[in-house]
Amino acid sequence: MQPLVEADELAKVLEDVVICDMRWDLTDPGKGRSTYERGHIPGAVFVDLDTDLAAPQGVAGRHPLPSVADFASTLGRLGVSPGTRVIVYDDVAGRIGARMWWMLRSIGHEEAQVLNGGYQAWVATGRDIEVGMVVPQPRPYSTPTGFTGVTTHVGLAGRVLIDARAGDRYRGENEPVDPKAGHIPGAINISTVRNLDEEGRFLKPSDLAEVYGEVGSKAVVSCGSGVTACHDALAMVVAGLPMPDVYVGSFSEWSRLDLPVSTGPSP
């Protein structure tokens, strides 16, 4: 299945898919739910990044993975079964929604897509929105074997590490949430902004292939806490490249472990 779906196609399959609204704000985590309640794509269920797709934060970072059993339970509560087509969206061009897409793919759930252009793309079509909360009908989701494609900080040696954060955070000029500023030594900065056009839609596969074409098959994507890293992973799959591994702890774990950091524009 193609990793992206367009708003016009989504409109044709609204009744046949589970739509997940993943709007979230780094500086105001509760904002996503209130924004969802004020208006969302019809039928969409709200998914909370902090409580549905992450274990409690700690030394392993701000958004460590939940147990695979907890994730399966969450999927079932959201009305997802192993054969369900899931379409995820947010309002930041897929930067948050890509986390759920990657987690689904990581457990072998191939029927997962991200809405290209996000909520704004749906609104731009002039189609209806819905207010309030949607309460899904729970469905059984058996516990998968585990998450695949996950790398820890001890598994980075000899890998090409990509940092998906904005350039100012990579360079160490700004760090709003983590204990240190800068980046993991050796990481190259491919910010998520490089995946998108001016309208917040993913670039063509050929253009994305130029962005990522030299990283090779040993690539690992990272970011602040294993969320926007998945946006780079999504971009690589759109480009026709293999799914990279994800360092879920990312810089939030690295900095909490008090490991060395680099600053400036160079890896």
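Which of (1) open to solvent by less than 10 Å² (accessible area, probe 1.4 Å); (2) under 14 Å from the mean Cα position of the chain (by Cα) is the odd one out, the single condition Leu4 does not satisfy?
(1)
Does Ser81 qualify as being in contact (Cβ under 8 Å) with a residue 24 or more places away in the chain, assigned to a loop (DSSP other than H, G, I, E, B), open to solvent by 10 Å² or more (accessible area, probe 1.4 Å) and not aliphatic (A, V, I, L, M)?
yes
Just give me the residues in the range 97-151 being within 20 Å of Ala55 (Cβ to Cβ), in contact with an Asp or Glu (Cβ under 9 Å, 6 or more places away or on another chain) and outside any loop (DSSP other than H, G, I, E, B), in sequence order.
The answer is Gly97, Ala98, Met100, Leu104, Val150, Thr151.
Which numbered condition trips up Arg256, out of (1) open to solvent by 10 Å² or more (accessible area, probe 1.4 Å); (2) under 23 Å from Asp197 (Cα atoms); (3) of a type in the set (D, E, K, R)?
Failing condition for Arg256: (2).
Residues checked against (1) under 21 Å from the mean Cα position of the chain (by Cα); (2) under 25 Å from Cys223 (Cβ atoms); (3) of a type in the set (Ser, Thr, Tyr):
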| site | (1), (2), (3) |
| --- | --- |
| His109 | yes, yes, no |
| Trp122 | yes, no, no |
| Asp128 | no, no, no |
| Val131 | no, no, no |
| Val135 | no, no, no |
| Pro138 | no, no, no |
| Ser142 | no, no, yes |
| Thr151 | yes, yes, yes |
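Among the residues of the range 118-135, how many are more than 22 Å from Arg95 (Cα to Cα) and surrounded by 15 or more Cβ atoms within 10 Å (Cβ to Cβ)?
Within the range 118-135, residues that are more than 22 Å from Arg95 (Cα to Cα) and surrounded by 15 or more Cβ atoms within 10 Å (Cβ to Cβ) number 1.
Which of the residues belonging to the range 8-22 are open to solvent by 10 Å² or more (accessible area, probe 1.4 Å) and in contact (Cβ under 8 Å) with a residue 24 or more places away in the chain?
Asp8, Ala11, Val13, Leu14, Glu15, Asp16, Val17, Val18
The values are calculated or read from the model by the stated rules, or taken from the named source; none is laboratory data. Worth saying up front: this structure is predicted, and the values here are computed from it rather than measured. Every residue, glycine among them, receives a Cβ derived from its backbone with ideal geometry; neighbour counts consider all protein chains shown. All accessible areas refer to the heavy atoms of the entire protein, side chains included, with ligands and DNA or RNA removed. Shrake-Rupley method; radii C 1.70, N 1.55, O 1.52, S 1.80 Å.
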